[in-house]
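Worksheet: one structure, shown below.
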Amino acid sequence: MRAIWKGAVSFGLVSIAVKLYSATEEKDIRFHQVHREDGGRIRYKRTCSVCGEEVTYDDIAKGYDIGGGEMVILTDSDFADLPLTTSRAIDVLEFVPAEQVDPILYNKAYFLEPEGAATKPYVLLRDALTDSERVAIVKVALRQREQLATLRVREGVLLLNTMLWPDEVRTPDFGFLGEDLKVRPPELAMASSLIDSMAGEFEPDVFTDDYRAALQEVIDAKVEGREVVQPEEVEEAPAAAVDLMAALKASVERARAARGEQPAAGGGEPTPITSARSAKKAAKAPAKKTAEKKAGGTKKAATKKAAESDAAKKAPARKAAPKKAPRKTA
């Protein structure tokens, strides 16, 4: 890793020299824009909208639009004169319980490494933070911008989490928040049961980016000149259920089945899943009885025919009756 910033943690009268490293990295697959016909890279030129000339980076300044087509231009010297007391310091302001910091405020994470002879005070601050079960609220200037941040311990290393300022978090303003919606106690109980049935311990390594893996497979296949094997289609999510209670019950049953648990005792009202199973069993039952009845009738007929055949064989042959002599007429 390469350090992106050097400074010191100001902890009371103690100064701890540190290096700053990015703690995270994006794994997205990146693409270049290219010409479809020959694969040539697409280049963009920085041109001025007024004179039309191409502009180099050295001639580019920052402009603030004040409206009406007017622009205030700021140069590097204007930024250099700003009083950033935290330009090379991480100034500890206070120590607060970690649960008091809303996660929505967190932005980016950085590792801090002690530099030179600062290892002992670094370890001292690290252990003190661990024992206090608190995080340090600090101010730091990164890329010419002062930011609020927290210092906490992760895997034996001080971790700096930059934060958004409170006025950078939007207030939700949605119509349904003003509606008088009532949730029935049975629905709330069933929703809680669903949460319990799906409860677990968070293990981030279990989850994978399936889309990125499939995209990488497509790229590898293109490189090797082979056909891409299409992954199996994922079962579509069911349509929104009209009966919320039935949907909750079905979800609980499915979650229990996924865990290998038996359905809840007592049966209760049928859910969409149990109803489907019952209908399937009911459809099988008449067919089975009809087959048995048909088989039984065939068997009886065959038995009767066999009995008549045996009786015919055992019965003695009958003698033919003698013919009567014709009567004499006078």
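Atom-type composition of the exposed protein surface of segment 54-186 places 53 percent of the accessible area on carbon and sulfur (1.4 angstrom probe). Close amide H contacts of VAL135 (hydrogens built in the peptide plane, cut-off under 5 Å, sequence separation of 5 or more or a different chain): VAL96, ALA98.
The order of the peptides 105-117, 185-197, 166-178 by mean Cβ neighbours within 10 Å, most packed first, is 105-117, 185-197, 166-178.
Within the shell of other residues whose beta carbon sits under 11 angstrom from the beta carbon of LEU129, the net charge comes to +1, with Lys and Arg scored +1 and Asp and Glu -1. Over segment 139-205, the reciprocal of the mean inverse Cα-Cα separation, the Kirkwood hydrodynamic radius, stands at 17.3 Å. Taking 16 Å as the cut-off, the amide N atoms of segment 107-129 that come nearer than this to a point 7 Å along the Cα-to-beta-carbon line of ASP28 belong to 108. Phi-derived couplings, Karplus 6.51 cos²θ - 1.76 cosθ + 1.60 at θ = phi - 60°, listed residue by residue for segment 195-205: 4, 5, 5, 9, 5, x, 9, 6, 10, x, 5 Hz, with x used for Gly and Pro.
The values are calculated or read from the model by the stated rules, or taken from the named source; none is laboratory data. Keep in mind that this is a model prediction, so the values were computed, not measured. All Cβ positions, glycine included, derive from the backbone under ideal geometry; neighbour counts span all protein chains shown. Just the protein is used for accessible areas: all its heavy atoms, side chains included, with ligands, DNA and RNA removed. Shrake-Rupley method; radii C 1.70, N 1.55, O 1.52, S 1.80 Å.
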